[in-house]
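The values are calculated or read from the model by the stated rules, or taken from the named source; none is laboratory data. Just so we're clear, the structure is a prediction, and the values are computed from it rather than from any experiment. Cβ placement follows ideal geometry from the backbone for every residue including glycine, while neighbour counts extend to all protein chains displayed.
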């Protein structure tokens, strides 16, 4: 007797219905492990800068820094502002190796991107995760941006390459540094393995959180110099200005 169809049905049921919410441990009753109540409570990014996704009080605006000097990237796409509980989820994913949380957030970002593609957002040809310094990757055991990019690549059917963008030197962690110190910290920190590969390409850089945008700006400028046609940034969350909620 062939029981494979029944096994497939069980697997389908398990991954689509009988999941528990990763936040409240109640039945999710959704195709991903997050219940409707917890999903509604997430800090969804509202009105924001059209270029860098900085939270703003009104829609359809460009923030002051982007107006004064346009960044090298074209657009930042983020689902949430960096607030509770997303900040805790990202921290647990990065520092406690709770990969299911990262997978859940990547899946939700993928759904958001598919919706925006349907509304006219240009779809990139290549995903590039921000590389992690070697010492921190040895300590952590993985690169969170690399995992996010791989999960997005599979869900969105976009190529992903973790070898084309390189970290060329060790740098102190960006946390706790102001914008000027972050720029100095990242000078000559990145390089391209094959600069000619990017000529005419639309590329999306993938990271977990965008804070001051220094890392995104540095990488985007490098890609622009290599001939990239367009550079977008995909991230889970965007921080507000210091002192803002």
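Some values worked out for this structure:
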read-out: Candidate set: region 137-154, residues that are loosely packed, with under 15 Cβ neighbours inside 10 Å and touching a residue at least 24 places away in the same chain (Cβ under 8 Å); chosen: the one nearest to residue 219 (Cα to Cα); value: 142
read-out: Scan of region 194-216 for residues that are part of a helix (DSSP H, G or I) and either closer than 17 Å to residue 143 by Cα or touching a helix residue (DSSP H, G or I) at 6+ places or on another chain (Cβ under 9 Å) (or both), ordered by number; value: 195, 198, 214, 215, 216
read-out: Test result for residue 144, under 30 Å from residue 42 (Cβ atoms), modelled with pLDDT of 95 or more and in the same structural domain as residue 94 (by TED's automatic domain parsing); value: yes
read-out: Unique residue being touching a residue at least 24 places away in the same chain (Cβ under 8 Å), under 19 Å from the mean Cα position of the chain (by Cα) and crowded, with 17+ Cβ neighbours inside 10 Å when the list is 121, 126; value: 126
read-out: Residue within region 66-76 that is surrounded by 14 or more Cβ atoms within 10 Å (Cβ to Cβ) and free of Cβ contacts under 8 Å to residues at least 60 places away in the same chain present; value: yes
read-out: When residues of region 86-98 are limited to those that are touching a helix residue (DSSP H, G or I) at 6+ places or on another chain (Cβ under 8 Å) and under 22 Å from residue 37 (Cα atoms), the one surrounded by the fewest Cβ atoms within 10 Å (Cβ to Cβ); value: 98
read-out: Filtered residue count, region 217-241, keeping only those that are out of contact with any helix residue (DSSP H, G or I) (no Cβ under 6 Å at 6 or more places or on another chain) and either over 21 Å from residue 123 (Cα atoms) or surrounded by fewer than 24 Cβ atoms within 10 Å (Cβ to Cβ) (or both); value: 13
